[in-house]
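Student: For reference, the structure I am asking about is given below.
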Amino acid sequence: MRPLLPLGLLVAAACFGDSSGQRLASAERDAALKQPRTRQYDVRILRDSFGVPHIRGRHDDDAAYGLAWAHAEDDYATLEDVFLAVRGRSGAKAGKDGAASDFVLNWMHVRETVDAKAKSEIDSATWALLEGYAAGFNAYAAAHRSEVGDVARELLPMTPQDIVAGFVLRSPFFFGLDQVISALTNDTPLPGDVIEERGSNGFAVAPSRSADGKTRLIANSHQPWNGSVAWYELTVHSDDGWDYAGALFPGSPVPLLGHNKTIGWTNTVNKPDLVDLYRLRMNPANDAQYWYDGQWRTLQQEKVWLKVKMGPAVVPVSRMAERSIYGPVIRTRDGVIAVRYAGIGLVRQVSAYYQLNRATNWAEFRAALAMQQIPATNFIYADAQGTIALVYNGLFPRRAAGYDWQGVVRGDTSATLWGAYVPFDSIPQVVKPRAGYVYNSNNTPLRATARAEDLRGAQVDPLLGIEHRMTNRAVRAFELLDTMKVISREGLLAAKFDARYSRASWVGRVLDEVAKVDTSKAPNLAGAVRLLGAWDLVLGDDRPASALAFLLVQKLVGPRYRSLAMPAVVPALTESVDYLMKHHHRLEVPLGTLVRLKRGTVDLPLDAGPDVLRAIHGTLGDDGIVTGYAGDSFIMVVEWDKGGMVMSESLQPFGAAVTRPSSPHYADQAQRFVDKRFKPVLFTEAAQRAHLEREYRPGQGAALP
């Protein structure tokens, strides 16, 4: 049997086709950028003193046009990478890693699904929004041709279908489809940011529990600081009533979390079992046929042509993608497996997010989620009326009883082929708890508020496949929140920035294993065992064990996030000790000396680590420095006072000018991020003008009168 995509052999064997990559002539490529505009978009962009764009359009589609333009000003390079990915041409720029993603796009039938359904199923208001965003991106590319790469020049213009394809492609990777593919192919995980750390924190506090009678929401998603799933901050406004402050991923025409005037939400990644595997019974006489409901059926087979950059050339390489009635197929060493996942065939994710943006109360917000178009992710909600909620959102397949859905089920019967989802009312959710707060940090939905009001396991259908894990962040947050009679703003922020591991968490169990190490057989670990044995589980420069603990936990937390077996503690401890001794010649290294925030010429100490509420993940360098790359990213604190007026503050690691090193806003929030000092979110036009750096229309750099 052949694996899904053995790219090393695939690329090495490619010795045919046009080695020039069949590039268009320069004049033809430039002509592709000169697309006629179907209408004039009416939008202004106001940049504040931090460079954050405030998009003000006459209509919603005008605002979407300006949103795309502003984002491209700050991060065109990433937007282009996303565009190439949804067109299946990443390999032509990024080589074999990009080609792997291109194959998966085809394997998932993303473009076929979008082309067949998007125009007919997406409502006209959302479609106009998509058209506006695409037009804004195309206009920016046409006006800045020197930034446009050769591959993108061949593919432009962007279309609404491209934007929809981005949602269809990325959504399943947040609930683990990438891990399933990787496991089945015995290959390394798929490249790209979508498989980065899946941590996040979300807090909501009702007026009944807050010290000052305000409703509060903290959005604290843990994402990479760069790339296709890094947060981009903005506010967007239209005369039609679209008013929203928050953040989005590159390629999205709407914010994905934040607040409007009356409601707000944040997300944390959940990990229910939303991917099912089916063993196909193949025809011994024809390996393109499988047995299903008493007859042989033929796999749908498609030769996929990948364009793979090899040095200066782009080489075409072919591979076969196969599909069954269940979904895409992988040929493994142990047989032929079909894969079916939540949201397969759905194209209205962006419509649901647009409706969430426009919701004004809990009923409207709930109705948008009840569309059941967003395949997974927890929603932590709060609003001006004091309603708070946690929704363990997901598209849970209506699976037949009597099968082991945690394993590989029969792929020869319609009895295992699900087509519908559990109704929205039947999924786990906690709404308006008497305790006055809800919280999640990628933990089980059975722990969401005070224990007396938590859901019980018996209330949740086991066929939903919910997770039962508790992260350290969850254990620690409940230790803090449950002891607060009232939750003040100061107390809530102290909890959010807490840097302690709980003895009751999995990290406590790791320390128990460290204490059992026989140092007579491993004398090189004696100092580490003593140091960690005396540690109070708090990360900080004044805790001598912090650097060692950071390295140890980071080596162990990844497999835990991915629900894999915990690696042995002794090898991880040995590697951590060796790293410190090699580069620093001691174990007691100040945490801020080891862990740094680096951005251009900025180089600052960090005081946190993996799976604490103040989360930081880092890349170990050959120079003995761990450079932060993910964890706490865009953070927003939202408050509604007793009169229902909204106020918010935000923070991010770098600045608004994501890939513009020459901009003053490339790293102007870095010191604030290190100091935990929020900046105000300028939500009203008056506030935006009071801190105005410049105002302009797309294509006009000068300030407007």
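The values are calculated or read from the model by the stated rules, or taken from the named source; none is laboratory data. Being a predicted model, the structure only gives us computed values, none of them experimental. As a convention, Cβ positions derive from the backbone with ideal geometry for all residues, glycine included, and neighbour counts pool all protein chains shown.
Student: Keeping to region 220-262, report how many residues are in contact with a helix residue (DSSP H, G or I) (Cβ under 6 Å, 6 or more places away or on another chain), hydrophobic (A, V, I, L, M, F, W, C) and not in a loop (DSSP other than H, G, I, E, B).
Tutor: 1
Student: Please go through region 399-418 and give me each residue that is touching a strand residue (DSSP E or B) at 6+ places or on another chain (Cβ under 9 Å), touching a residue at least 60 places away in the same chain (Cβ under 8 Å) and either in a strand (DSSP E or B) or surrounded by fewer than 24 Cβ atoms within 10 Å (Cβ to Cβ) (or both), ordered by number.
Tutor: R399, W405, G407, V408, V409, R410, D412, T413, S414, T416, L417, W418
Student: Go through region 356-383 and give me each residue that's more than 19 Å from M645 (Cβ to Cβ) and part of a loop (DSSP other than H, G, I, E, B).
Tutor: Within region 356-383, A370, M371, Q372, Q373, I374, P375 meet the criteria.
Student: Given the residues A135, A141, which is the only one that is within 27 Å of M310 (Cα to Cα) and either under 26 Å from the mean Cα position of the chain (by Cα) or at pLDDT 95 or above (or both)?
Tutor: Values: A135 fails: within 27 Å of M310 (Cα to Cα).
Of A135, A141, the one residue that is within 27 Å of M310 (Cα to Cα) and either under 26 Å from the mean Cα position of the chain (by Cα) or at pLDDT 95 or above (or both) is A141.
Student: Let me ask you something else. Only residues that are hydrophobic (A, V, I, L, M, F, W, C) and over 28 Å from P664 (Cα atoms): list them for region 598-612, please. Show your work before the answer.
Tutor: So in region 598-612, the residues hydrophobic (A, V, I, L, M, F, W, C) come out as 602, 604, 606, 608, 612.
Residue satisfying the conditions is V612 alone.
Student: Counting only residues that are part of a strand (DSSP E or B), touching a residue at least 40 places away in the same chain (Cβ under 8 Å) and under 22 Å from the mean Cα position of the chain (by Cα), how many does region 646-667 have? Spell out the reasoning first.
Tutor: Going residue by residue through region 646-667, those that are part of a strand (DSSP E or B) are 646-651.
In the following step, the residues that additionally are touching a residue at least 40 places away in the same chain (Cβ under 8 Å) were identified as 646, 648, 650.
Those left that are additionally under 22 Å from the mean Cα position of the chain (by Cα): 650.
Qualifying residue count for the region: 1.
Student: Scan region 353-365 and tell me whether some residue there is of a type in the set (A, V, I, L, M), under 21 Å from the mean Cα position of the chain (by Cα), surrounded by fewer than 22 Cβ atoms within 10 Å (Cβ to Cβ) and at pLDDT 95 or above.
Tutor: Kept after step one, since they are of a type in the set (A, V, I, L, M), are these residues of region 353-365: 356, 359, 363.
Okay, now just the ones that are also under 21 Å from the mean Cα position of the chain (by Cα), so 356.
Still in the running and surrounded by fewer than 22 Cβ atoms within 10 Å (Cβ to Cβ): none.
The answer is no; no qualifying residue exists.
Student: Which numbered condition in (1) free of Cβ contacts under 8 Å to residues at least 60 places away in the same chain; (2) acidic (D, E); (3) at positive phi is the only one that D293 fails?
Tutor: It is condition (1) that D293 fails.
Student: Residue check, R456 against (1) without any contact (Cβ under 8 Å) to a residue 12 or more places away in the chain; (2) closer than 29 Å to V638 by Cβ, all met but one. Which one?
Tutor: Unmet for R456, out of (1) without any contact (Cβ under 8 Å) to a residue 12 or more places away in the chain; (2) closer than 29 Å to V638 by Cβ: (2).
Student: Now, a different point. Right, G294: surrounded by fewer than 17 Cβ atoms within 10 Å (Cβ to Cβ) and either within 30 Å of V254 (Cβ to Cβ) or out of contact with any strand residue (DSSP E or B) (no Cβ under 9 Å at 6 or more places or on another chain) (or both) or not?
Tutor: Details: surrounded by fewer than 17 Cβ atoms within 10 Å (Cβ to Cβ): yes; either within 30 Å of V254 (Cβ to Cβ) or out of contact with any strand residue (DSSP E or B) (no Cβ under 9 Å at 6 or more places or on another chain) (or both): yes.
Here the answer is yes, as G294 does meet what is asked.
Student: Pick from T377, T444, T416: which is in contact with a His (Cβ under 8 Å, 6 or more places away or on another chain) and either hydroxyl-bearing (S, T, Y) or on the phi > 0 side of the Ramachandran plot (or both)?
Tutor: Values: T377 fails: in contact with a His (Cβ under 8 Å, 6 or more places away or on another chain); T416 fails: in contact with a His (Cβ under 8 Å, 6 or more places away or on another chain).
Criteria check complete, one pass: T444.
Student: While we're looking at this one, here's another question. Give region 419-446 a look and list any residue that's in contact with a Phe, Trp or Tyr (Cβ under 7 Å, 6 or more places away or on another chain), assigned to a loop (DSSP other than H, G, I, E, B) and of a type outside the set (A, V, I, L, M, F, W, C), or say none.
Tutor: P428, P445
Student: Restricting the first residue to region 141-168 and requiring it to be farther than 15 Å from L346 by Cα, which pairs with a second residue that is polar (S, T, N, Q) and surrounded by 19 or more Cβ atoms within 10 Å (Cβ to Cβ) meet a Cβ separation below 8 Å and a spacing of at least six or different chains?
Tutor: Short answer, once both residue conditions are applied: L156/N138; P157/N138; M158/N138.
Student: Based on this model, can you work out whether S648 counts as surrounded by 14 or more Cβ atoms within 10 Å (Cβ to Cβ), within 27 Å of A204 (Cα to Cα), at pLDDT 95 or above and of a type in the set (G, A, S)?
Tutor: Values: surrounded by 14 or more Cβ atoms within 10 Å (Cβ to Cβ): yes; within 27 Å of A204 (Cα to Cα): yes; at pLDDT 95 or above: yes; of a type in the set (G, A, S): yes.
Yes.
Student: Would you say R451 is more than 24 Å from T215 (Cβ to Cβ) and of a type outside the set (S, T, Y)?
Tutor: Values: more than 24 Å from T215 (Cβ to Cβ): no; of a type outside the set (S, T, Y): yes.
For R451, the condition - more than 24 Å from T215 (Cβ to Cβ) and of a type outside the set (S, T, Y) - is not met.
Student: Another question, if that's okay. So which of G621, G643, G631 is free of Cβ contacts under 8 Å to residues at least 24 places away in the same chain and closer than 27 Å to I380 by Cα? Can you show your working first?
Tutor: Numbers: G621 fails: closer than 27 Å to I380 by Cα; G631 fails: free of Cβ contacts under 8 Å to residues at least 24 places away in the same chain.
The conditions single out G643.
Student: Ok, one more. Answer with yes or no whether T601 is of a type outside the set (A, V, I, L, M, F, W, C), surrounded by fewer than 17 Cβ atoms within 10 Å (Cβ to Cβ) and within 30 Å of A504 (Cα to Cα). Working first, answer last.
Tutor: Working: of a type outside the set (A, V, I, L, M, F, W, C): yes; surrounded by fewer than 17 Cβ atoms within 10 Å (Cβ to Cβ): yes; within 30 Å of A504 (Cα to Cα): no.
It is false that T601 is of a type outside the set (A, V, I, L, M, F, W, C), surrounded by fewer than 17 Cβ atoms within 10 Å (Cβ to Cβ) and within 30 Å of A504 (Cα to Cα).
Student: Condition first: under 13 Å from L552 (Cβ atoms) and either in contact with a helix residue (DSSP H, G or I) (Cβ under 8 Å, 6 or more places away or on another chain) or aliphatic (A, V, I, L, M) (or both). Now tell me which residues in region 486-514 satisfy that.
Tutor: Result: Y501, W506, V507, V510, L511, E513, V514.
Student: Looking only at region 454-476, how many residues end up being under 26 Å from D276 (Cα atoms) and not in a loop (DSSP other than H, G, I, E, B)?
Tutor: Within region 454-476, the subset under 26 Å from D276 (Cα atoms) is 455-471.
From the residues that got through so far, the ones that are not in a loop (DSSP other than H, G, I, E, B) too are 457-459, 462-464.
Count: 6.
Student: Right, something else. Residue check: is G386 crowded, with 22+ Cβ neighbours inside 10 Å, in a loop (DSSP other than H, G, I, E, B), at pLDDT 95 or above and not β-branched (V, I, T)? Before the answer, list the steps.
Tutor: On the way: crowded, with 22+ Cβ neighbours inside 10 Å: no; in a loop (DSSP other than H, G, I, E, B): yes; at pLDDT 95 or above: yes; not β-branched (V, I, T): yes.
No, not satisfied.
Student: Something else about it: Return the residues of region 668-684 that are in contact (Cβ under 8 Å) with a residue 60 or more places away in the chain, among the hydrophobic types (A, V, I, L, M, F, W, C) and within 27 Å of N260 (Cα to Cα); say none if nothing qualifies.
Tutor: Looking only at region 668-684, we keep the residues that are in contact (Cβ under 8 Å) with a residue 60 or more places away in the chain, and these are 668-671, 673-674, 676, 679, 681-683.
Filter once more, keeping what is among the hydrophobic types (A, V, I, L, M, F, W, C): 670, 673-674, 681-683.
Selection gives A670, F673, V681, L682, F683.
Student: Would you pick out the residues in region 340-367 that are among the polar types (S, T, N, Q) and over 23 Å from A420 (Cβ atoms)? Write out each step before concluding.
Tutor: Going through region 340-367, the residues among the polar types (S, T, N, Q) turn out to be 349, 351, 355, 357, 360-361.
Listed by number, the residues that qualify are N357, T360, N361.
Student: In addition: Collect the residues in region 447-489 that are of a type outside the set (K, R), under 24 Å from the mean Cα position of the chain (by Cα) and surrounded by 18 or more Cβ atoms within 10 Å (Cβ to Cβ), keeping them in residue-number order. So that I can check it myself, show each step before the final result.
Tutor: We begin by selecting, within region 447-489, every residue of a type outside the set (K, R); these are 448-450, 452-455, 457-468, 470-472, 474-475, 477-484, 486-488.
Those left that are additionally under 24 Å from the mean Cα position of the chain (by Cα): 448, 464-468, 470-472, 474-475, 477.
If the condition is that a residue be of a type outside the set (K, R), under 24 Å from the mean Cα position of the chain (by Cα) and surrounded by 18 or more Cβ atoms within 10 Å (Cβ to Cβ), then A448, L464, G465, I466, M470, T471, N472, A474, V475, A477 are the ones that fit.
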